[in-house]
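For reference, the structure discussed in these notes is given below.
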Amino acid sequence: MKIAIIFGKERPDTMGVYFERALRHLGHDVGHFWPKDIDKIKPEFDFYFRIDDGYYDYVMPKELFPRIYYVSDVHLKGPFKKIKKHIIKKAYDLVFCPMRKEISMLQNVSPVEIIWMNVGCDPETHKRLNMDRIYDIGFVGTDGGVPRKFFLQEILERYPKSLIGPADYREMARTYSSCKIGFSLPIRGECFTMRNYEILSCGAMLLMKRLRDDSAEKLGFEDRKHLVIFDRPKDMFELIEYYLKHREEREAIAENGHRLVIEKHTYMHRATEIVDIIKDRFKLHG
C-alpha cells in the first residue's frame, strides 16, 4: 500500500520512526512528512497515518482520506485537551490509542471510532546482546520527577552496581543486556509502555509497578511468568532481593518475557494489525 506517515523526526528513537521502519519492512510504499508540511501532502496515498509527536497545531486537510491518528500522550492534561478537540471536530477518520482509561473518556465525545492499540519493541534496536549480566538493576531514561525519582534514588543507594539514568538509544541494548533486572515505573501508571517492551526485548527480567489498567493482562503478560509486578516500595525491594539471589527463576521469567515480545509484540506486529484494520474499515485493497 502507499502510505503517508506524518510525525516530527527530531529524534531517531520515537514511535513514528519505529512504525515507519516496520511499515517499510512489510513492503509498503511509505512517504514521510513533517507536521508543518501537512498542507503539501497530495491526495495520492491509500491512507494518511499521523503519529502523536507533541505537535497539535497541525490538522489534516479533509481531502486526505482516510486520516488515521495514533495518539499516545492522552494521559497528559494539556495534550489530552488538544487531542480531544481534534477528535470532537472529526479531524480524523479513525483513532488508535494505547491507553484504555483515556479511550473510555474519549469515546463519550468522539464521533469516530477509537481502537485500543499498544506499542511494541523494535528488535533491530532493542536487542538482546551476548553480554555478561554484571549489573543489578537497569533503567534508561530520566527520573520523571515524583514519585519515580525517589524509587530510582533508593535503588541506586541500595544497589550501587546498577545502571540508572539517561543514555543514547543506541546504548539501550547494551545497558539492559548487561543488567539482571530492568526497572519500570510509568509516572502515572498509565499502561504497558515502550520501556517495558525495550527491557523485555533486551532479555532482562522486567520488574514493573502495577498499572492502573489491565493492559498487561490483555497483552498476555502474566506476573511471575513473563515479568514481575510490585505494588509498594517494600514489595519492590523484597522482590529485588529475591530475584537477585534466585538466578534460575529470574532468567526463566526473563526468557519467557523475551520470547513473548519477539513473537507477538514488535512494531511489525502492530503495523500489520493497524493496516489490516484500516483495510477492513475503509474497504481498501493492496
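The values are calculated or read from the model by the stated rules, or taken from the named source; none is laboratory data. Keep in mind that what you see is a predicted model, and the values were worked out from it rather than measured. Methodologically, a virtual Cβ is constructed for each residue, glycine included, from the backbone with ideal geometry; neighbour enumeration extends over all protein chains shown.
Do the conditions hold for residue 187, that is, is it outside any strand (DSSP E or B), at pLDDT 95 or above and either hydrophobic (A, V, I, L, M, F, W, C) or not assigned by TED's automatic domain parsing to the domain that holds residue 19 (or both)?
No; evaluated as a whole, the condition is false for this residue.
Check 173, 216 and return the single one that is surrounded by 18 or more Cβ atoms within 10 Å (Cβ to Cβ), in contact with a Cys (Cβ under 6 Å, 6 or more places away or on another chain) and not assigned by TED's automatic domain parsing to the domain that holds residue 102.
173 is the lone residue from the list that is surrounded by 18 or more Cβ atoms within 10 Å (Cβ to Cβ), in contact with a Cys (Cβ under 6 Å, 6 or more places away or on another chain) and not assigned by TED's automatic domain parsing to the domain that holds residue 102.
Quick grid of which residues meet (1) small (Gly, Ala, Ser); (2) touching a Lys or Arg at 6+ places or on another chain (Cβ under 7 Å):
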{"site": "177", "(1), (2)": "yes, yes"}
{"site": "194", "(1), (2)": "no, no"}
{"site": "212", "(1), (2)": "no, yes"}
{"site": "224", "(1), (2)": "no, no"}
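Within the stretch 217-247, track down each residue that is within 23 Å of residue 157 (Cβ to Cβ) and part of a loop (DSSP other than H, G, I, E, B).
Within the stretch 217-247, 231, 232, 246 qualify.
Looking at the stretch 63-121 only, could you name the residues that are among the aromatic types (Phe, Trp, Tyr) and either in the same structural domain as residue 188 (by TED's automatic domain parsing) or in a helix (DSSP H, G or I) (or both)?
80
Within the stretch 85-106, work out how many residues are among the hydrophobic types (A, V, I, L, M, F, W, C), closer than 17 Å to residue 213 by Cα and in contact with a Ser or Thr (Cβ under 7 Å, 6 or more places away or on another chain).
0
Let me spell it out: the conditions are (1) within 29 Å of residue 125 (Cα to Cα); (2) in contact (Cβ under 8 Å) with a residue 40 or more places away in the chain, and residue 73 meets all of them except one. Which number is the exception?
(2)
Being surrounded by 17 or more Cβ atoms within 10 Å (Cβ to Cβ) and assigned to a loop (DSSP other than H, G, I, E, B) is the filter here, so list the residues in the stretch 18-54 that pass it.
Hits for the stretch 18-54 are 28, 41, 45, 46, 52, 53.
Return only the number of the condition from (1) closer than 14 Å to residue 121 by Cα; (2) surrounded by fewer than 13 Cβ atoms within 10 Å (Cβ to Cβ) that residue 283 does not satisfy.
Of everything listed in (1) closer than 14 Å to residue 121 by Cα; (2) surrounded by fewer than 13 Cβ atoms within 10 Å (Cβ to Cβ), residue 283 misses just condition (1).
Got a sec? Which of 250, 270, 281 is under 30 Å from residue 50 (Cα atoms), in a helix (DSSP H, G or I), modelled with pLDDT of 95 or more and over 16 Å from the mean Cα position of the chain (by Cα)?
None of the others qualify; the one that does is 281.
Given the criterion more than 24 Å from the chain's Cα centre (by Cα), in the same structural domain as residue 202 (by TED's automatic domain parsing) and either in a strand (DSSP E or B) or aliphatic (A, V, I, L, M) (or both), identify the matching residue among 156, 152.
Answer to the check: 156.
Look through the stretch 105-130, keep the residues that are under 23 Å from residue 220 (Cα atoms) and touching a strand residue (DSSP E or B) at 6+ places or on another chain (Cβ under 8 Å), and return whichever of them is surrounded by the most Cβ atoms within 10 Å (Cβ to Cβ).
120
Do you know which residues across the stretch 243-269 are in contact with a strand residue (DSSP E or B) (Cβ under 9 Å, 6 or more places away or on another chain) and under 19 Å from residue 25 (Cβ atoms)?
Within the stretch 243-269, 261, 262, 265, 266, 267 qualify.
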